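Notes follow the structure.
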Amino acid sequence: MSTATAELGLPGAGTENSVLVRCAGVEKSFGQGETKVRVLRGTNFNARAGEMTFLVGPSGCGKTTLISIIGAILSCEGGEVEVLCQDLRAMKRKKLADFRLAHFGFIFQQFNLLPALSAAENASIPLVARGASNRSAEHAATELLHKLGLEGHAHKMPNQLSGGQQQRVAIARALVHEPDVLICDEPTASLDAASGHTVMELLRDLAVEGGRSVIVVTHDNRIFEFADRMHHMSDGVITRTESADEIEAHEGSSA
């Protein structure tokens, strides 16, 4: 645990294989009247500690909506959403925001780095937002950047970094406060095959092996080998779930 994280008294990750995220019968619609569209139709979904859980399916099937609800960014209209055994639907807005900041990390296809901040400053944002001092937060961020292979790059600005390096900074920002659940929305879509493979190895080594739950939304079949469990989604519901062995067998038969 980093000094800045200990300073905040943040909890650690869950026991290996324990269910950190549980969704049951989740409903979500957008619009009203004739324009109302049901995006989630009683969706069931689980993600466990120490596992990388993939969520795949065609565009528009509800994947991003589901992870936005899991990550306490959107609210749902029906069903149950529990993270770390906490009922997200029962939380007031302020408590929900604090819970999201403490327990979630987010990685997106677009790196979303602030151009006026250095790599270390970008990566330290979650700790600073939680009340850590700038000095301790940047120290923790710099240590993590070194682990991610960016030694000597901590003080560089985003426009001085390659795409793969920027994604590593985004990973550091998502992990610096040691969240229990890491949500990744198309984390390799902007990367070449080699960089994407490296990013997934880093996520596995730094997040999954730390007992955290990593949820990955992706269309990138080049990284399917990293999934411990894969949920296939269509038209707002999970249609089937594959284990790592089933994914490997399926990929082998498709080769």
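Details
- Residues within the range 69-94 that are within 25 Å of Val208 (Cβ to Cβ), surrounded by 17 or more Cβ atoms within 10 Å (Cβ to Cβ) and out of contact with any Phe, Trp or Tyr (no Cβ under 8 Å at 6 or more places or on another chain), tallied: 4
- Scan of the range 215-247 for residues that are within 30 Å of Ala172 (Cβ to Cβ), acidic (Asp, Glu) and without any contact (Cβ under 8 Å) to a residue 40 or more places away in the chain, ordered by number: Asp220, Glu225
- The residue list Gly50, Gly42 contains one member that is buried (at least 20 other Cβ atoms within 10 Å of the Cβ), under 21 Å from His231 (Cα atoms) and not polar (S, T, N, Q), which is Gly50.
- The one condition in (1) among the basic types (Lys, Arg); (2) closer than 21 Å to Ala120 by Cα; (3) in contact (Cβ under 8 Å) with a residue 40 or more places away in the chain that Arg212 fails to fulfil: (2)
- Residue list for the range 23-44, filter: polar (S, T, N, Q) and either modelled with pLDDT of 95 or more or assigned to a strand (DSSP E or B) (or both): Ser29, Thr43, Asn44
Condition check ((1) touching a residue at least 60 places away in the same chain (Cβ under 8 Å); (2) in a loop (DSSP other than H, G, I, E, B); (3) closer than 30 Å to Cys85 by Cβ) across all residues:
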residue	(1), (2), (3)
His139	yes, no, no
Thr142	no, no, no
His155	no, yes, no
Gln165	no, no, no
Val169	no, no, no
Ala172	no, no, yes
Glu178	yes, yes, yes
Ile183	yes, no, yes
Thr188	no, yes, no
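- The range 8-22 - residue that is modelled with pLDDT of 90 or more and touching an Asp or Glu at 6+ places or on another chain (Cβ under 7 Å) and, of those, surrounded by the most Cβ atoms within 10 Å (Cβ to Cβ): Leu20
- Yes/no for Ala120 being among the hydrophobic types (A, V, I, L, M, F, W, C) and either at positive phi or assigned to a strand (DSSP E or B) (or both): no
- As a summary of the residue check, Thr53 satisfies the conditions (1) assigned to a strand (DSSP E or B); (2) more than 13 Å from the chain's Cα centre (by Cα) except for the one numbered (2).
The values are calculated or read from the model by the stated rules, or taken from the named source; none is laboratory data. Please read all numbers here as calculations on a predicted model, not as lab measurements. In this analysis, Cβ positions are derived from the backbone assuming ideal geometry, glycine residues included, and neighbour counts consider all displayed protein chains.
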